[in-house]
1. Find out how many positive minus negative residues lie around Pro125, taking Lys and Arg as positive, Asp and Glu as negative, among other residues whose Cβ is under 14 Å from that of Pro125.
2. Using R₀ = 25 Å, calculate the FRET efficiency as 1/(1 + (r/R₀)^6) where r is the Cβ-Cβ separation of Thr89 and Asp130; round to 0.05.
3. For the residues Ser155, Ser132, what sequence is obtained by ranking on other C-beta atoms within 10 Å, fewest first?
4. Residue by residue through the range 153-161, what is 3J(HN,Hα) from phi via Karplus (6.51 cos²θ - 1.76 cosθ + 1.60, θ = phi - 60°)? Round to whole Hz and write x for glycine and proline.
5. For the range 130-147, just list the computed ³J(HN,Hα) in residue order, Karplus coefficients 6.51, -1.76 and 1.60, θ = phi - 60°, integers in Hz, with x standing in for Gly and Pro.
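Values quoted throughout were computed directly from the atomic coordinates according to the rules given, and no laboratory measurement underlies them. This structure is a prediction, so every number in the text was calculated from the model and none was measured. So basically every Cβ, Gly included, is an ideal-geometry build from the backbone, and we count neighbours across all protein chains shown.
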Amino acid sequence: MLAIVLALGTAVGYGVANYLAPVLGRRMPLATVLLGSQLAGLGVSVLLTLGADLRLGGLGLPFAIAAQIEHPERPVACVLGDGGFLMYTGELETVARLHLPIVMLLMVDDAMSSIKVKQVRRGYPSVGVDFSRPDYAAIARGFGLEHARVADRASCRAALARAFESRRPTIVEAIVDPAEYETTQ
């Protein structure tokens, strides 16, 4: 069966390459629908590519909803940075109401990292990009979704595998160190 993965933004390319692809790649063919330039060389089928400079933070979630509605038999995942996720949190109501078994890999670094990295690289001060971490488990519970919080790749891969097997909407909150992917921008 073909998995549909939607990814846009900074930490998301890093997340697909290091967290999601190893889980999906061993279990089923992987087709990446939307992705950033960080994913080159993963050996995935690319159906649509958006330029790396086109930042549509969080849009992976509404796209994942559309993909799951169109292809209810396929596993669907989206990889989101925490800043983009917070822009589209209201979409979780649709996921819950329609019982869409989307797996959301949430890369948590408490910042709008794609903007922050660009500010720093251009010699600008980092302004307006850092924020406090909300309780993502409480957000998931509030919408009746599953949640797992992970801090390393092995536990993340295990949580993703469980999420795909459960066929329930799940947020996998992966705590990441932004220094790990700053060089990929």
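1. On the way: positive: Lys116, Lys118, Arg121, Arg122; negative: Asp130.
My count for the surroundings of Pro125 gives +3.
2. Working: r = 18 Å, r/R0 = 0.73.
That pair, Thr89 with Asp130, gives E of 0.85.
3. Ranking Ser155, Ser132 by Cβ neighbours within 10 Å, fewest first, gives Ser132, Ser155.
4. Working through the residues one at a time gives 5, 4, 5, 5, 4, 5, 5, 5, 4 Hz.
5. Karplus values, whole Hz, x for Gly and Pro: 9, 8, 6, 7, x, 8, 5, 5, 5, 4, 4, 4, x, 9, x, 9, 6, 8.
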